[in-house]
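Encoded as structure tokens, the structure appears first; notes follow it.
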Amino acid sequence: ALSASQNQGVWFVRSRSEDLVLKLVSHDRRRPPSLIEGECVQRLAREHPDIVNDRAVAFPHKILRILDKGVRRWDLIVMSRAPGQILATTIGNKWYGGRVEELMVILEKVGSCLGAFHRRYGKNHGDMAPQNVFYDDKTGLVTLIDLGGMGCKTADSDVEHFTASLRQLAGCYGPRLALE
């Protein structure tokens, strides 16, 4: 999967009509195209044209190529901001707020969203972890973000990776989280 260390920065901006996320990623031609996020996103749009309008994913609108002395060095990925907040924050809020049953319902929604994603696209997300999922408490909408590694070979399935991520969170929130 792609590494977050490729991110050179992330910014949140408001346009006249929507909230946007701008993500600057390196474009290193020495890497295979399957490991260059901008290339991966463009390939996904060609292979799965419907993904661009899928409400369950935050898919980029545009990729701007940034040159340095005529050489492409970075890509600025522009996408709509997913509604709600990052799932890791939601987990902490529900857990510490004593709302464990609510949290379990949310995790079931995440599982349903991921299952539907797999059925639609036949591929793993590639980095399925609470920091790459948004949850909107008001609407119950689950949105998957950071799809740059989608379809890349990974050692673990999305479910295995997500479960391992939850176990890591349990190290912070207490072992009972892993048991719930």
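The values are calculated or read from the model by the stated rules, or taken from the named source; none is laboratory data. Please read all numbers here as calculations on a predicted model, not as lab measurements. FYI the Cβ positions are ideal-geometry reconstructions off the backbone, even for glycines, and counts take in every protein chain you see. SASA here: full protein model, heavy atoms, side chains in, ligands and nucleic acids out. Shrake-Rupley method; radii C 1.70, N 1.55, O 1.52, S 1.80 Å.
Of the residues making up the range 7-37, those that are under 20 Å from THR154 (Cβ atoms), touching a helix residue (DSSP H, G or I) at 6+ places or on another chain (Cβ under 8 Å) and either at pLDDT below 85 or open to solvent by 30 Å² or more (accessible area, probe 1.4 Å) (or both) are PRO33, SER34, GLU37. SER17 satisfies every condition listed in (1) outside any helix (DSSP H, G or I); (2) touching a residue at least 60 places away in the same chain (Cβ under 8 Å) except (2). If you go through the range 38-60, how many residues are surrounded by fewer than 19 Cβ atoms within 10 Å (Cβ to Cβ), at pLDDT below 90 and closer than 19 Å to THR143 by Cα? Matching residues across the range 38-60 total 0.
The residue pairs whose first member lies in the range 158-180 and is at pLDDT 85 or above, whose second member is surrounded by 14 or more Cβ atoms within 10 Å (Cβ to Cβ) and not in a helix (DSSP H, G or I), and whose beta carbons are closer than 6 Å, counting only pairs six or more residues apart or on different chains, are ASP158/ASN124; ASP158/HIS125; ASP158/MET128; HIS161/MET128; PHE162/MET128; SER165/ALA129. Looking only at residues of the range 27-71 that are touching a strand residue (DSSP E or B) at 6+ places or on another chain (Cβ under 6 Å) and not aliphatic (A, V, I, L, M), we find that the one that is nearest to LEU87 (Cα to Cα) is PRO60. Within the range 92-106, is even one residue in contact (Cβ under 8 Å) with a residue 12 or more places away in the chain and within 16 Å of the chain's Cα centre (by Cα)? Taking every residue of the range 92-106 in turn, none turns out to be in contact (Cβ under 8 Å) with a residue 12 or more places away in the chain and within 16 Å of the chain's Cα centre (by Cα).
Filtered by the rule that a residue be hydroxyl-bearing (Ser, Thr, Tyr) and surrounded by 19 or more Cβ atoms within 10 Å (Cβ to Cβ), the range 63-119 gives a lone residue, THR90. Of all residues in the range 131-148, those satisfying the criterion of being touching a strand residue (DSSP E or B) at 6+ places or on another chain (Cβ under 7 Å) and closer than 20 Å to VAL25 by Cβ are GLN131, ASN132, VAL133, PHE134, THR143, LEU144, ILE145, LEU147.
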